[in-house]
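Take a look at the structure below.
The values are calculated or read from the model by the stated rules, or taken from the named source; none is laboratory data. For clarity, every value in this text was computed on a predicted model and none was experimentally measured. No Cβ is skipped: glycine too gets one built from the backbone with ideal geometry, and neighbour counts run over all protein chains shown.
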Amino acid sequence: MARYTGADCRLCRREGIKLFLKGDRCYSDKCGVERRPYPPGQAGKRRPRDSEYRGQLREKQKAKRIYGLLEKQFRSYYELANRQQGITGENLLRLLESRLDNVVYRLGFAKSRDEARQIVRHNHIMVNGRRVNIPSYRVRPGDTIAIAGKSKDLLVIKTALISSEKIEVPGWLEVDIEKLSGKVLSVPERDQIDAPVHEQLIVELYSK
């Protein structure tokens, strides 16, 4: 599957905010946004022209990068959200939050969504007692997500649990650290999604 393979810190610098793509590094003085608080490239220090389209595009790019998606994947989520009842922008964020890799990250089993995606692909995650290795798998209320038996001793997961103290588990999820499992309590509401995205601007961009 195609995926972004460049430097994550460049993405944060391009958007001008921390997207928390690098786990612990984002909380340290090594964070690229703090060291070089301007967009990458030779023209990075120039003041960009403000426009309606630029604001809409930047919000879309920001959301894509937070959840680690490429354009075609992101557009598919938008089209699905647009077909659902309710507010399209909020539907979009709910779909993105319901991805298995995001839930593994939100539960504190990985330091970043990239790491969570790798853990899922390597068959370390079980959903309702069955192994699932598809990062885009959509979880639903009542689903139980757990670390597979032999995977509980993995260093990458133990390290993530130590770092998870910096991450607050959202109210629509419940986690049991001792059992290394979590449960989806409900569909996430907009005020339970802390992604720094103005979703209405994304809807306006795709509606043109």
| request: Would you please list the contacts, defined by Cβ atoms under 9 Å and residues six or more apart or on different chains, that run from a residue in the stretch 181-193 that is assigned to a loop (DSSP other than H, G, I, E, B) to a residue that is of a type in the set (Ser, Thr, Tyr) and surrounded by 14 or more Cβ atoms within 10 Å (Cβ to Cβ)? | output: VAL187/SER98; PRO188/SER98
| request: Only residues that are β-branched (Val, Ile, Thr) and closer than 16 Å to ILE125 by Cβ: list them for the stretch 146-176, please. | output: ILE147, VAL156, ILE157, VAL175
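Filter the stretch 123-156 for residues that are among the basic types (Lys, Arg) and modelled with pLDDT of 95 or more; which is nearest to SER186 (Cα to Cα)?
Within the stretch 123-156, the first condition is being among the basic types (Lys, Arg), and the residues that meet it are 130-131, 138, 140, 150, 152.
If we keep only those that are modelled with pLDDT of 95 or more too, we end up with 130-131, 138, 140.
Numbers: ARG130: 20, ARG131: 22, ARG138: 13, ARG140: 7 Å.
If we take residues in the stretch 123-156 being among the basic types (Lys, Arg) and modelled with pLDDT of 95 or more, then ARG140 is nearest to SER186 (Cα to Cα).
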| task | Could you list, in sequence order, all residues of the stretch 99-118 that are modelled with pLDDT of 95 or more and of a type in the set (Asp, Glu)? | result | ASP101
| task | Filter the stretch 59-80 down to residues that are at pLDDT 95 or above and of a type in the set (Ser, Thr, Tyr) and give me whichever is surrounded by the fewest Cβ atoms within 10 Å (Cβ to Cβ). | result | SER76
| Among PRO170, PRO188, which is within 30 Å of GLU59 (Cβ to Cβ) and touching a strand residue (DSSP E or B) at 6+ places or on another chain (Cβ under 9 Å)? | PRO188
| note | The lone condition LYS150 fails out of (1) exposed (fewer than 14 other Cβ atoms within 10 Å of the Cβ); (2) in a loop (DSSP other than H, G, I, E, B) is (2)
| said: So the check is Cβ under 6 Å with 6+ separation or different chains; which pairs have a first residue in the stretch 49-62 that's in a helix (DSSP H, G or I) and a second one that's of a type in the set (Asp, Glu) and surrounded by 10 or more Cβ atoms within 10 Å (Cβ to Cβ)? | reply: GLN56/GLU204; LYS62/GLU15
